[in-house]
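S.K.: I'd like to ask you about the structure that follows.
The values are calculated or read from the model by the stated rules, or taken from the named source; none is laboratory data. In this text the structure is predicted, and so the values were computed from the model without any measurement. Please note: Cβ atoms are built from the backbone with ideal geometry, for glycine as well, and neighbour counts cover all protein chains shown.
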Amino acid sequence: MRSLRSWLEGKWRQRQSSNSGGRPEAIRRKAIATNASIVLAISLIGLPGGLYLLVQGTLLPFVTAMIGTATGMMAVVLCQRGQFERAAATQVYATLLIGFLLTVADPGLADFGLAVGLLGPVHASLLTRTPVKKRAWAILVVVVAAGVASHQGVLVWPEALRAEFALMGALTFAIAAGLIAYSANRLNSVFEVYEKAQINAYKHLIEHVQDAVMRFGADGSVLFVSRSAERLFGCRRFELTGSGLLERIHVMDRPAYLTAFAEANGDGLTRRVEIRMRFDDPESGAVPKFIWVEASLSPVVDAESAETRHEVVVLLRDVTERHDREIELHRARKAAEEASIAKSRFLATIGHELRTPLNAIVGFSEMMTSGVVGDLTPQHKEYATLIHQSGHHLIDVVKMLLDMSRLEAGKFELQTEPFMPDMLVEPCFKMVDAMAREKSIRLMSDIPRTLPMLVADERVCRQILINLLSNAIKFSHERSVITLEMRRQGRFVAIVVTDSGIGMGEESVKRLGEPFFQAQGGLARRYEGTGLGLSIVKGLVELHEGEMHASSSPGEGTVMTVLLPINGPETKVEETASVTPLHREPAQQQMPTWSADERKRAL
């Protein structure tokens, strides 16, 4: 007896655990399969009685038993194939069909057939999806209409009303009501267990989530504090109730928090603020410190409630490390900007300081080589020539440094006007002709006659082209050819300089335009230069709102392409009108020209 009791208790616990751990969908499918088995069993039991009554001349019991048997068998097969939705729909449609037959057989307006038909939509709402629910209500209308027609004598069952019809209707109603009650009980119990499990899961999640969670009532009172708040603030949860939370907020940040809370509580608006809050460390006994906390305030809005105040859920997250990183990044950015400004100021100052003595060096060395100060020995004349060339080189370097500093400082101003692009070719070729003749390089141009007028700064465009040609000559082999092409390319004029020199790799092409970058770096490089030429070209092209592209391969030469907009850079009046020039370049000192009499007096 004890073993039987233990077995029954074990089965009961197993069933309870399966119900508590089951999903609503699984329970719904199980209820559909159970209903199908019950309908099949009851129909098979009632089928012999229906057959007996059929022999006695009563058709309705046999038809009802056959419908139940067919429905049960079909539903069981569909459940075995996993088609639970169709099995449930079959049961609903069978209930409505039996209700239709009972309603037609009994001419009374209110009978068990109509009651069975009303159970069809109820059955559908419990176990089926939306389409079947809508169809069930539509079929119920047909059943009601059939009942009315039977009562009026329009629709008549082929046999006379018998006392067995009422008994069979009551029995059918009891069976259908029992199945629906069983299904509702199973689903209700599992939903209760499932909702309780969900609540426990959410509670566990809130208690152990990394962020602290607090819930405030509509009157501002603390309703809930998660356990994670103890780790965040180093205190017990009850210490945050009442005014405990507000007392931990830094005095300077309390207005921002209270404003955000009032907007969430009164206006139903989600708010997020960063505030400083006190952190206690009871284990070490250290002095309390303030940490940065991000507070997200979300109102609990109930659309059906007429209350003007809302409950507020507050999520508190420690963002001290992020805030410290942002401060460090801000300091580093500020230091970098200051260093860049200092570098530009240094370059501008050094450039201006060097320009005056360099002009004097170039001027006086030119006087010495031209014989103004008297005849020089060949050796002294060679020295003076070297001084003159070196001075010119230094002046060019200073000019590039000044251009680069003005570009970085945004003080380089363009003077745009329309001109023909082919007017740049001859003066630029003359400027680099001496450099090309030293390496026996031939300069060629390919300029079409139909080039459009270009709106740009002619002086700047000449500087761009001279830098491109000088670069091509510098890195070309002796007795090679450099080609200059100009053509229209959409809304741009393309200036293309092609050489067959040493070329460069893909990584070097990507870095073209960086200040002081050279493809051949280091102390052992073969080619001189500061690495500012192409960076200045890139900056001047970008001032025109154009583009610079390079295509190159080692040993195969380089193709430099500059695209300048035909209509020039877009002029923004609202920006240019507010610019006040604060710095003006000093005028370059020009060396005086000496007449023949002045030369004689100098000698």
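S.K.: Determine whether Thr320 is of a type in the set (Val, Ile, Thr) and modelled with pLDDT of 75 or more. I'd like the intermediate steps shown before the answer.
M.R.: Values: of a type in the set (Val, Ile, Thr): yes; modelled with pLDDT of 75 or more: yes.
So Thr320 passes the test.
S.K.: Sort out which residues of the range 211-225 are farther than 15 Å from Ser296 by Cα, outside any strand (DSSP E or B) and touching a strand residue (DSSP E or B) at 6+ places or on another chain (Cβ under 8 Å), and write them in order of number.
M.R.: Taking the range 211-225 first, the residues farther than 15 Å from Ser296 by Cα are 217-224.
The next check asks that each one be outside any strand (DSSP E or B); those that pass are 217-221.
Across the range 211-225, the qualifying residues are Gly217, Ala218.
Here is a yes/no grid of residues against (1) assigned to a helix (DSSP H, G or I); (2) over 60 Å from the mean Cα position of the chain (by Cα):
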{"residue": "Val104", "(1), (2)": "yes, yes"}
{"residue": "Leu119", "(1), (2)": "yes, no"}
{"residue": "Val122", "(1), (2)": "yes, no"}
{"residue": "Lys134", "(1), (2)": "yes, no"}
{"residue": "Val144", "(1), (2)": "yes, no"}
{"residue": "Leu155", "(1), (2)": "no, yes"}
{"residue": "Glu164", "(1), (2)": "yes, yes"}
{"residue": "Ala174", "(1), (2)": "yes, no"}
{"residue": "Arg186", "(1), (2)": "yes, no"}
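S.K.: Of everything in the range 443-483 that's among the β-branched types (Val, Ile, Thr) and closer than 23 Å to Ser500 by Cβ, which residue is surrounded by the most Cβ atoms within 10 Å (Cβ to Cβ)? Talk me through it step by step, then tell me what you get.
M.R.: Here is the first cut: in the range 443-483, the ones among the β-branched types (Val, Ile, Thr) are 447, 450, 455, 460, 464, 466, 473, 481-483.
Next, from what is left, pick out any that are closer than 23 Å to Ser500 by Cβ: 447, 464, 466, 473, 481-483.
Working: Ile447: 14, Ile464: 25, Ile466: 18, Ile473: 22, Val481: 12, Ile482: 23, Thr483: 16.
Of everything passing the filter in the range 443-483, Ile464 is surrounded by the most Cβ atoms within 10 Å (Cβ to Cβ).
S.K.: Across the range 449-495, what is the number of residues that are over 46 Å from the mean Cα position of the chain (by Cα), in a loop (DSSP other than H, G, I, E, B) and charged (D, E, K, R)?
M.R.: Total satisfying the criteria: 3.
S.K.: Continuing with the same structure: Counting only residues that are within 23 Å of Ile180 (Cα to Cα) and aromatic (Phe, Trp, Tyr), which one in the range 109-166 is modelled with the highest pLDDT?
M.R.: In this case the residue turns out to be Trp137.
S.K.: Looking at Pro282, Pro288, Pro299, which one is in contact with a strand residue (DSSP E or B) (Cβ under 8 Å, 6 or more places away or on another chain) and at pLDDT below 85?
M.R.: Details: Pro282 fails: in contact with a strand residue (DSSP E or B) (Cβ under 8 Å, 6 or more places away or on another chain); Pro299 fails: at pLDDT below 85.
Answer to the check: Pro288.
Residues are listed down the side, and each one gets a yes or a no for (1) more than 26 Å from Ile350 (Cβ to Cβ); (2) at pLDDT below 50; (3) assigned by TED's automatic domain parsing to the domain that holds Lys439:
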position: Ile495; (1), (2), (3): yes, no, yes
position: Gly505; (1), (2), (3): yes, no, yes
position: Leu534; (1), (2), (3): no, no, yes
position: Leu543; (1), (2), (3): no, no, yes
position: Gly555; (1), (2), (3): yes, no, yes
position: Arg601; (1), (2), (3): yes, yes, no
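S.K.: Out of (1) under 24 Å from His323 (Cβ atoms); (2) surrounded by 13 or more Cβ atoms within 10 Å (Cβ to Cβ); (3) at pLDDT below 85, what's the single condition that is false for Leu246?
M.R.: The one condition Leu246 does not meet is (3).
S.K.: What is the one condition in (1) out of contact with any Phe, Trp or Tyr (no Cβ under 9 Å at 6 or more places or on another chain); (2) more than 12 Å from Lys399 (Cα to Cα); (3) surrounded by 12 or more Cβ atoms within 10 Å (Cβ to Cβ) that Leu354 does not satisfy?
M.R.: Condition (2) is where Leu354 drops out.
S.K.: Select from the range 43-84 the residues that are modelled with pLDDT of 85 or more and outside any helix (DSSP H, G or I) and write down the one among them that is nearest to Leu102 (Cα to Cα).
M.R.: Among those residues, the one meeting the criterion is Gln83.
S.K.: If the Cβ limit is 8 Å and pairs must be 6+ apart or interchain, which residue in the range 363-387 that is in contact (Cβ under 8 Å) with a residue 40 or more places away in the chain and acidic (Asp, Glu) pairs with which residue that is in a helix (DSSP H, G or I) and surrounded by 12 or more Cβ atoms within 10 Å (Cβ to Cβ)?
M.R.: Glu366/His388
S.K.: What is the one condition in (1) in contact with a Gly (Cβ under 9 Å, 6 or more places away or on another chain); (2) more than 20 Å from Val319 (Cα to Cα); (3) not hydroxyl-bearing (Ser, Thr, Tyr) that Glu239 does not satisfy?
M.R.: (1)
S.K.: Now for a different question. Only one of Arg276, Arg254, Arg331 is outside any loop (DSSP other than H, G, I, E, B), assigned by TED's automatic domain parsing to the domain that holds Ser226 and surrounded by fewer than 16 Cβ atoms within 10 Å (Cβ to Cβ); which?
M.R.: Details: Arg276 fails: surrounded by fewer than 16 Cβ atoms within 10 Å (Cβ to Cβ); Arg331 fails: assigned by TED's automatic domain parsing to the domain that holds Ser226.
Selected residue: Arg254, the only one of Arg276, Arg254, Arg331 that is outside any loop (DSSP other than H, G, I, E, B), assigned by TED's automatic domain parsing to the domain that holds Ser226 and surrounded by fewer than 16 Cβ atoms within 10 Å (Cβ to Cβ).
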